[in-house]
1. Residues of region 213-257 being among the hydroxyl-bearing types (Ser, Thr, Tyr), under 15 Å from SER123 (Cα atoms) and either surrounded by 15 or more Cβ atoms within 10 Å (Cβ to Cβ) or at pLDDT 95 or above (or both), which ones?
2. With respect to MET13, determine if the residue is under 29 Å from LYS130 (Cβ atoms), at pLDDT below 95, surrounded by 18 or more Cβ atoms within 10 Å (Cβ to Cβ) and assigned by TED's automatic domain parsing to the domain that holds ASP116.
3. Closer than 19 Å to MET101 by Cα, in the same structural domain as ILE84 (by TED's automatic domain parsing) and within 24 Å of the chain's Cα centre (by Cα) - does that describe any residue in region 164-175?
4. Are there any pairs, at least 6 apart or on different chains, whose C-beta atoms fall under 9 Å, with the first in region 56-79 and free of Cβ contacts under 8 Å to residues at least 40 places away in the same chain and more than 21 Å from MET196 (Cβ to Cβ) and the second assigned to a strand (DSSP E or B) and of a type in the set (Val, Ile, Thr), and if so, which?
5. Select from region 146-167 the residues that are among the aliphatic types (A, V, I, L, M) and not in a strand (DSSP E or B) and list them in ascending order.
6. Filter region 227-283 down to residues that are under 13 Å from LYS87 (Cβ atoms), of a type in the set (A, V, I, L, M) and either in a loop (DSSP other than H, G, I, E, B) or not assigned by TED's automatic domain parsing to the domain that holds GLU91 (or both), then give me how many there are.
7. Taking region 168-196 on its own, how many of its residues are hydrophobic (A, V, I, L, M, F, W, C), buried (at least 21 other Cβ atoms within 10 Å of the Cβ) and in a helix (DSSP H, G or I)?
8. Given GLY73, GLY37, which one is assigned by TED's automatic domain parsing to the domain that holds ALA129, in contact with a helix residue (DSSP H, G or I) (Cβ under 8 Å, 6 or more places away or on another chain) and modelled with pLDDT of 90 or more?
Amino acid sequence: MKKLIALLLALVMVFAMTACGSSDEGTSEMSEAAAAGDWDNCERIQEIKEAGKLVMGTSADYPPFEFHTEIDGEDTIVGFDIAIAQKFADELGVELEVVDMSFDSLLISLDKGDFDIVLASLSADPERAKAVDFTDAYYDGSQVVLLRAEDAEKYTTTESLNGHSVAAQKGAIQVPLAIDAAGEENVVQLVKVGDMVTELLNNKVDAVFLDSVIAAGYAATNEDLVMADIGIVYESEGNVVACQKGDADLVAFINYVLSGMSDDEIDQMLMDAQALAGISEEE
């Protein structure tokens, strides 16, 4: 049944891409093999299998999505996004190779062909869609701020941050949200999330804009910090996988794998990643 559903989804994608492909420069239609779910005869999928690895780009400073930890005495990149990508690699029968770099360089490197996919708690937006193609969403979070505990009652709405210094990760979707709340001249953009949190603790900024799961992690491990829902309005289709522009067959394959994953399986991956990062479900 799942294969039938995936096939129907693939066929719908073909018709959609055929109908609008001419207006989206750089987008190509998937092959007949991919449209039929015939991955054994799909050239792009066989290319990855022959290489023996699926190469994933990420920025591993964003627990529980991607972060460094020590396993059996070795520094290892783990997290929710890594588990999702491992599922793709397992379906392909290849190894997963993870490349770690700064968040704002990921899509540039993907465009250059440095890796096959990007998973980095990435949200689809029109500007990014000009450069890369996106899969279906696999996670949908909410946007909050991280505050010093002493300021929990001071900053309770987006309006309360107007004119105050705030931080957001360079290149992330939180940047325009921070600008809307505090004003462009008051937004500090840093590459590393840890650096933003340090600025907060050192009273250099008054709030850090983050995904709720990320903020919960920092609040859970530091009693001087709290996560606050200040009513940020952000419409998103959720976290997605990015592929090179025109890599329609790989997008179709990933959507096929995602369609076969149950909500329970994905939820368990997230809970396992939270446990590794020291984040409890109650936070």
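1. Restricting attention to region 213-257, the residues satisfying the condition of being among the hydroxyl-bearing types (Ser, Thr, Tyr) are 218, 221, 234, 236, 256.
Of the ones still in play, those that are also under 15 Å from SER123 (Cα atoms) are 234, 236.
SER236 - this is the single residue of region 213-257 that is among the hydroxyl-bearing types (Ser, Thr, Tyr), under 15 Å from SER123 (Cα atoms) and either surrounded by 15 or more Cβ atoms within 10 Å (Cβ to Cβ) or at pLDDT 95 or above (or both).
2. Values: under 29 Å from LYS130 (Cβ atoms): yes; at pLDDT below 95: yes; surrounded by 18 or more Cβ atoms within 10 Å (Cβ to Cβ): yes; assigned by TED's automatic domain parsing to the domain that holds ASP116: yes.
Judged against the criteria, MET13 is a match.
3. The answer is no, given that none of the residues of region 164-175 is closer than 19 Å to MET101 by Cα, in the same structural domain as ILE84 (by TED's automatic domain parsing) and within 24 Å of the chain's Cα centre (by Cα).
4. GLU70/THR76; ILE71/VAL78; ASP75/THR69; THR76/THR69
5. Applying the first criterion (among the aliphatic types (A, V, I, L, M)) to region 146-167 yields 146-147, 149, 152, 161, 166-167.
Matches in region 146-167: ALA149, ALA152, LEU161.
6. 2
7. 5
8. Details: GLY73 fails: in contact with a helix residue (DSSP H, G or I) (Cβ under 8 Å, 6 or more places away or on another chain).
Only one candidate passes the filter, namely GLY37.
The values are calculated or read from the model by the stated rules, or taken from the named source; none is laboratory data. None of the values given here were measured: they were computed from a predicted structure. Glycine gets a Cβ as well: all are built from the backbone with ideal geometry, and neighbour counts include every protein chain shown.
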